[in-house]
Amino acid sequence: MRRFADSFGQVFHAMWTHKLRSFLTMFGIAWGVGSLLLLIGLGEGFRAGTQKNLADFGDDYMQIYNGRVPAIGRSQLSSRQYYLNYQDFLDIRNLPQVRNATPVIYRGDLRLVSDYGSSNGYVDGSEPQFYDIRRQPVDQGRWINWDDERQRHNVCVIGNEFVRLLFPGRPVIGSRLLINGVPFEVIGTIQKIGHGNNNDQNMRLVMPYSVMLTYFPMQGDGNAMAIKYVAYQPVTREQHEQAKQAVRAIIARNHNFDPETPDAFDDWDTIESAKMVGKISDAMDTFLGAVGLVTLALGAMGVVNIMLVSVTERTREIGLRKALGATRNSILFQFFLEGLMLTAVSGGFGVAVAYGVTKLFGLAPPIDGFELPHIYPASAALAMISLGMAGIIAGLYPARRAAMLTPVEALRQE
């Protein structure tokens, strides 16, 4: 034990003797470790935030909108607009590749007025199964049911931001709300979705599809029975592409055009979007990781340099210690400890600084689409082990050569 303590004392003495060189080396290592961990954390924060945004729409959420097809051949210069209708929804719902679907009428030009405030926002008319397709967790009250749909009850569910604007500090459930002058009863509220200024998701109102069709149908000539889009889910996540192609084939058949017509469909597939985001995130991780590894490699080169110089400068010291009875193993152990301490202390400091920076990120206002970076233990361990190996090998190799010299040869070294 005393021998071990003596070795530690000698290591500290050697590092203190070359304070500037030791500090600069340790700073380079700490910078390399911290940079690597932060860059990886930022890349993963982007991935997690984007995936969370997509998940806010619901599990396996897909939708198809009204579209435009060429009127003459495949020319885009002359085209015609087509509008989805309830029959399109029924045909989509009955597809074997689709497990759930709902029609949606959407308006963004309606005025909402309560006894305490007024606002404009997004108003959807949909059937009750919309709750199972799109993520809309109820906070208070209840969701629209089939009695509301069949009996055309003037009821609605409102988002978190509408609660704040229309009923500030007031009871919401059972309250009266005028939508373009038509009275409605608020039967439920939706929990806040996302974070930051994500008002598009939270400034929403949902009413029964039949009521929306009666009072607020789609605008434009001949659109009284049209719907804005059909939201649906594939039977399984893996079959999303088959479901999308089947839905497109139904729409093309119902509206008399070739399903292979380019740019004839306006649809959205969150599953495909998630895959694309994953590829972008992988590319970002590769790039940021490469930048971090280069920085880490520079730190490792600093360790190698200081250990090589340290051993070279102390060859005479090694010879003197051998002349006084020091064994080769004791000399090697001292340099092993020196390399290990350089990397362990500075690497640990780099991890601590990176952790502190991630906590500082938490004090900033949340950014929509970005999750706070985290320190990943596997990345930290890999960085520390790599640096430790570099320091140990860089110290042991020249130290072994010096330790194998006879005391006389070592003392002759300049």
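Miscellaneous remarks
- Rounded FRET efficiency, nearest 0.05, which uses the C-beta distance separating Val294 from Ser210 and R0 of 60 Å: 0.45
- Look at Leu320, Leu38 and count the other Cβ atoms within 10 Å of each Cβ; fewest to most, that gives Leu320, Leu38.
- Among the listed pairs Lys52/Lys279; Lys192/Lys275; Lys279/Lys359; Lys52/Lys192, a Cα-Cα separation exceeding 20 Å is found for Lys192/Lys275; Lys279/Lys359.
- Label-to-label distance, Ile393 versus Gln140, with points set 7 angstrom from Cα along the beta-carbon direction: 6.5 nm.
- Neighbourhood charge, 10 Å Cβ-Cβ cut-off, centred on Ile271 and excluding it, Lys, Arg +1 and Asp, Glu -1: -3
- Summarising the amide proton neighbourhood of Leu84: residues at separation of 5 or more, or on other chains, whose placed amide H is nearer than 5 Å comprise Asn66, Gly67, Ile227.
- Net charge contributed by nearby residues that have their C-beta within less than 14 Å of Phe216 (K/R +1, D/E -1): +2
- Working from Cα pairs under 8 Å separated by at least six residues, relative contact order for the stretch 62-269 is 33 percent.
- Here the gap between Gln219 and Ser79, fully extended at 0.36 nm per residue and compared with their Cα-Cα distance, gives a gain of 48.4 nm.
- Between Arg152 and Leu363, the FRET efficiency estimated from the beta carbon spacing at R0 = 45 angstrom works out to 0.35.
- Counted charge near Val247, where neighbours are those whose Cβ lies closer than 14 Å (Asp, Glu -1; Lys, Arg +1): -3
- Principal axis dimensions, largest first and in whole angstrom, of the stretch 62-269 by Cα: 57, 38, 37
- Placing R0 at 41 angstrom, the Cβ-Cβ distance between Arg237 and Asp115 gives a FRET efficiency of 0.35 after rounding to 0.05.
Quick note: the coordinates plus some simple rules give every number you see, no bench work behind them. Since we're looking at a predicted model, the values are computed, not measured. Methodologically, a virtual Cβ is constructed for each residue, glycine included, from the backbone with ideal geometry; neighbour enumeration extends over all protein chains shown.
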